[in-house]
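Just so it is clear, none of the values below were taken in a lab; they were calculated from the coordinates. Since the model is a prediction, treat every value here as computed from it, not as a measurement. Glycine also receives a Cβ, built like all others from the backbone with ideal geometry; neighbour counts cover every protein chain displayed.
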Amino acid sequence: MSEKEVLVPVDGSPQSNDALKHALRNFPDSEITALTAVDPIAAGYAAAPGPDATSYPGEWTEQAEERADAILDEAAEIAATESRQIETVRVTDRPARAIVDYAEEHDVDQIVIGSHGRTGITRVLLGSVAEKVVRRAPCPVTVVR
C-alpha cells in the first residue's frame, strides 16, 4: 500500500492539537499536512478599533496571518516531539470550505479533525466546522474528541 496523504486542520485549540497527535500516532507512514485557514468573514465578527477604522481590514488580515503562522509553527513543533516532519499550509477561506477544497485538490486519503475549536456564540453563528467537513469531504474523516 502506498503512503497515505493525511490532512489535519489546525486552529490552535487543544482539540486540533489532539487531532494532530492522533494522526501522528495512527498514521506513522503517512504524509501529514497541517492546514490552517484565515477566515476573511471572521473580520466581520470582530469589532473594529476606534472611530477611524479605515486601516482595520489590513491590520486584521496581517494579525490573522501572523496568528495562523504561529499555529502552524506550533503544529510543526508538536510533530517534532514525535520525531516527525509535516507539511504546513495556510489558506485564506472559510475553514470548512478550505479543508474540503484542499482535500479534493490534493487527493487527500484521510482527514483527522478536532471535534470543535470554537466556543460560545461564534460556534452558534458559524456552525461546526467538523460537522461541515464530515458532510462534504471527498474522503474518510476521523473526528477526535
Seminar exercise, completed: Counting only residues 5 or more apart in sequence or on a different chain, those whose built amide H sits under 5 Å from that of Val38 are Val91, Thr92, Asp93
Problem set entry | Exposure proxy ranking, count of Cβ atoms within 10 Å, fewest first, for Ser128, Ser83 | Ser83, Ser128
Seminar exercise, completed: Quick note on Val144, Val134, Val108, Val8, ordering by fewest other C-beta atoms within 10 Å, gives Val134, Val144, Val108, Val8
Exercise. Would you list Leu20, Leu35 from fewest to most Cβ contacts within 10 Å?
Worked result: Leu35, Leu20
For this session: Pop a pseudo-label 7 angstrom from the Cα along the beta-carbon direction at both Arg145 and Asn26 and give the gap in nm to one decimal.
Result: 1.3 nm
